[in-house]
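K.L.:
Here you go, one structure.
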Amino acid sequence: MGIICSIISGALMSIQGVFNTRVTESSSIWVTNSYVQLTGFIVCVIAWFFTGRQNIGNLLKVENKLYLTGGILGAFIIFTVVKGMSALGPAYTVMLILISQLIIAYLIELFGFFGTEQIAFDWKKLIGVLVMIVGIIVFQWD
């Protein structure tokens, strides 16, 4: 199930990035971003209503309040994806996003940041990232 959800997530993120870039062409990046966040909020409230309505007050029980800034990060994610796609196109942008996500996720695990389980350094993972970077260079080669 994790593999299926991850594949769907990647597909939806790519489609959303293109959609948001097209909407930005007719409005502005912050209007688009606000609309995306608002419609996402509405969907979340509807889903929350139908899935048991856990206590919202539990948010205040989150141990590290830094973790509550995900929505703020989401606004900047939308901004940077739209700017990247409008400048580089969807394929190149998504490749760079994936490399960045992989490197940052590996560093988070490597150092145990944000309460994640710390893992040992593995040369194979570093080589894997380097192969992906070479893949981007080959993909963009004219």
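Values in this text are rule-based calculations from the coordinates and carry no lab data. Just so it is clear, the model here is predicted, and its values are computed rather than measured. Positions of Cβ are backbone-derived with ideal geometry, glycine not excepted, and every protein chain shown enters the neighbour counts.
K.L.:
Can you tell me which of Gly52, Gly128, Gly70 moves the most in a GNM of the chain? Springs connect C-alpha atoms under 10 Å apart.
P.N.:
Checking each option, the largest mean-square fluctuation is seen for Gly52.
K.L.:
Given N residues in segment 1-72, what is its alpha carbon radius of gyration divided by 2.2 N^0.38 Å?
P.N.:
1.38
K.L.:
Using Cα springs under 10 Å in a Gaussian network model of the chain, which residue among Asn58, Asn20, Asn33 shows the largest mean-square fluctuation?
P.N.:
Ranking Asn58, Asn20, Asn33 by mean-square fluctuation puts Asn58 first.
K.L.:
Between Gln37, Gln16, Gln54, where does the largest GNM mean-square fluctuation fall for the chain, given springs only between Cα atoms within less than 10 Å?
P.N.:
Result for the chain, Cα springs under 10 Å: Gln54 fluctuates most.
K.L.:
Could you tell me the center-to-center distance, by alpha carbons, between segment 81-142 and segment 1-23 in angstrom?
P.N.:
Value for the Cα centre distance between the two parts: 17 Å.
K.L.:
Oh, and also: Sorted from largest down, what three extents in whole angstroms do the Cα atoms of segment 97-142 have along their principal axes?
P.N.:
That works out to 43, 20, 8 Å along the principal axes.
K.L.:
Which ordering of Glu117, Glu25 is given by a fewest-first count of other beta-carbon atoms within 10 Å?
P.N.:
Glu117, Glu25
K.L.:
Select from the chain the helices, each a whole stretch of DSSP H, whose alpha-carbon atoms run 27 Å or more along the helix axis and whose Kyte-Doolittle mean is at least 1.6; answer none if there are none.
P.N.:
Going by DSSP H runs, the hits are 90-111.
K.L.:
Still on this structure, I have one more. For Lys124, Lys83, which order do you get if you count the other beta carbons within 10 Å of each Cβ and list the fewest first? Mind showing how you got there, number by number?
P.N.:
Details: Lys124 6, Lys83 14.
If I rank by nearby Cβ atoms, fewest first, I get Lys124, Lys83.
K.L.:
Let me ask something additional. Per-residue ellipticity at 222 nm for the chain, helices alone: DSSP H runs ≥ 4 residues times -39500 (n - 2.57), over residue total, nearest 500 deg cm²/dmol?
P.N.:
Theoretical 222 nm ellipticity from helices: -26000 deg cm²/dmol.
K.L.:
Rounded, prolate or oblate: which one fits the chain, using the alpha carbon gyration tensor with axes a ≥ b ≥ c (rounded when a/c is under 1.5, else prolate when a/b beats b/c, else oblate)?
P.N.:
Here the chain falls in the oblate category.
K.L.:
Just rank Met85, Met13, Met1, fewest to most, by other beta-carbon atoms within 10 angstrom. Before the final figure, lay out the partial values.
P.N.:
On the way: Met85 22, Met13 15, Met1 5.
Fewest-to-most ranking of Met85, Met13, Met1: Met1, Met13, Met85.
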